[in-house]
Amino acid sequence: MKFGTTLVVLGLIATVFAQCVITEEEALMNMYVALGGDSWTDNTNWNTGDVCTWYGIGCNIDSYVVSIDLSNNNLVGLLTDDIGCFPYLKSLQLNDNEISGPVPDAIGNLPSLKYLNLDNNLLTGPPARHPLR
């Protein structure tokens with residue numbers, strides 16, 4: 001990678017980070033509230049301790065969230081723009097729930113996302129405008 005390319009990539013990453021003024025923990029807690037976390041089938045450890053111990057959350061060695069798998073877990077409600085606040089997220093699996101409303105454009109702000117499964121929900125609106133990278 002050339003030096004100029006590195007600056008462009010770093011600038012894009014900085015832009016993604018700048019869009020989120022909350023921590024990953026805050027984004028997860030906002031998602032918990034918006035999607036009825038108290039009624040989830042499994043919400044083990046949510047609201048307590050390290051987010052890396054919360055049901056469905058996977059982290060890397062630096063404790064950044066790299067996977068969210070809450071499939072078939074009775075999530076009900078709207079997915080918020082906070083879903084775009086996980087710069088290291090590689091896998092997002094929220095399939096087989098009752099998530100409604102449009103897919104937030106913020107999903108397009110996930111620079112590391114490789115796997116996305118939102119099947120079997122009540123989502124509406126046009127397809128995402130941002131292709132997965």
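Figures for the structure shown
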quantity	calculated
Cβ-based exposure ranking for VAL65, VAL76, in which fewest neighbours within 10 Å come first	VAL76, VAL65
For the stretch 58-100, convex hull of alpha carbons as volume per residue, Å³	67 Å³
Å³ per residue enclosed by the Cα convex hull of the stretch 3-124	99 Å³
Diffusion coefficient, µm² s⁻¹, Stokes-Einstein with Kirkwood Rh over alpha-carbon pairs of the stretch 73-120 at 4 °C and 1.567 mPa s	117 µm²/s
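Bear in mind these aren't lab numbers, they're just calculated from the coordinates by the rules spelled out. These numbers come from a predicted model, not from an experiment. Ideal geometry is used to build each Cβ from the backbone, glycine not excepted, and the neighbour counts take in all protein chains shown.
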